[in-house]
Amino acid sequence: MASLSIPGVEDPDETGLSAPVCRTVTPDGDVLLLVPGDSAAARAAAHAQDDDLTAVMEITDVAPVSVPHRIRGRAWVAGWLTPVRNEQRAEAAMLLAERHPVGELLGIGEALQPDPAPGLYGRAAWMMLRLEVGEGAVDDLWGAEPVEPDEFATAAPDPLAAHEAELLQHLHAAHSEQVRGLCALLGDRQELCGLRDRAVPVGLDRFGLRVRFTDAAQRSFDARFDFPEPVRDVAELRRAMHLLFEAAAE
């Protein structure tokens, strides 16, 4: 989930300035946002013209499984917001449509046509905005860390991100006993294995698996199980999970 805020600009709905319909990152590290053309963020960007308009996008990472306390982390990206204009609009629209070919973006071809008003796209009145990243930060299981713009620009998407929800649900439904058994790998923390009445995989990426162990009294803790090396696809994930389960069973 993402929300956009602009210092000094009030949000009449008090819901965050236009949660973007979708977003993506350009090869140069800018963030492209699609927002309703009548939103406070769109109006502020259009009014600012070429003046610097600072904005902050907050991203909340929510576990795609049903567990208490589903928020896994938060990230912030701050920078300068401008409307996407002229010849840049076609390229930006195609990039958004390529990565989000559903919902409102099925009609994004309208964005390639001349605007009835600057920045307003078609019947739904969408506006494409560009956030030039100046700084960022992440706060998650490993703590809070700043993110430099060049690090953000060169970061590669996790190869499992698009499949994470389906993979976690499969692990929980088909391998719940083996997931509970991973508690044997916790070393000095094995005394916490009494809290394994329920073990739910709540996070998965190329580096490892995050599991939440919970007992009948709803006491819980999260544990991270790293793979021997980062996986590049689902096939490598299967082998990595097999090695984890084998190690826990020894």
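Data overview
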{"read-out": "Of all residues making up the range 138-173, the number that are outside any loop (DSSP other than H, G, I, E, B), of a type outside the set (D, E, K, R) and more than 29 Å from Arg198 (Cα to Cα)", "value": "6"}
{"read-out": "Selection from the range 23-75 of residues that are open to solvent by 50 Å² or more (accessible area, probe 1.4 Å), closer than 16 Å to Leu131 by Cβ, part of a loop (DSSP other than H, G, I, E, B) and modelled with pLDDT of 80 or more", "value": "Pro27, Asp28"}
{"read-out": "Selection status of Ala199, open to solvent by 30 Å² or more (accessible area, probe 1.4 Å) and within 17 Å of Leu186 (Cα to Cα)", "value": "no"}
{"read-out": "Residues that are over 16 Å from Glu164 (Cα atoms) and either polar (S, T, N, Q) or in contact (Cβ under 8 Å) with a residue 12 or more places away in the chain (or both), drawn from the range 227-249", "value": "Pro228, Leu243, Leu244, Phe245, Ala247, Ala248, Ala249"}
{"read-out": "Pair list, Cβ under 8 Å, 6 or more apart: the range 1-21 residue over 14 Å from Ala48 (Cβ atoms) and part of a loop (DSSP other than H, G, I, E, B), other residue open to solvent by 30 Å² or more (accessible area, probe 1.4 Å) and modelled with pLDDT under 80", "value": "Met1/Ala19; Val21/Gly103; Val21/Glu104; Val21/Trp126"}
{"read-out": "Among (1) in contact with a strand residue (DSSP E or B) (Cβ under 6 Å, 6 or more places away or on another chain); (2) more than 15 Å from Ala2 (Cβ to Cβ) - the single one Gly73 does not satisfy", "value": "(2)"}
{"read-out": "Restricting the range 78-97 to residues that are open to solvent by 10 Å² or more (accessible area, probe 1.4 Å) and modelled with pLDDT of 85 or more, the residue that is farthest from Ala42 (Cα to Cα)", "value": "Ala78"}
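The values are calculated or read from the model by the stated rules, or taken from the named source; none is laboratory data. Keep in mind the model is a prediction, meaning the values are calculated, not measured. Here Cβ is always computed from backbone atoms with ideal geometry, including for glycine, and neighbour counts include all displayed protein chains. To get the accessible areas, we keep the full protein, side chains included, count just its heavy atoms, and leave off ligands, DNA and RNA. Shrake-Rupley method; radii C 1.70, N 1.55, O 1.52, S 1.80 Å.
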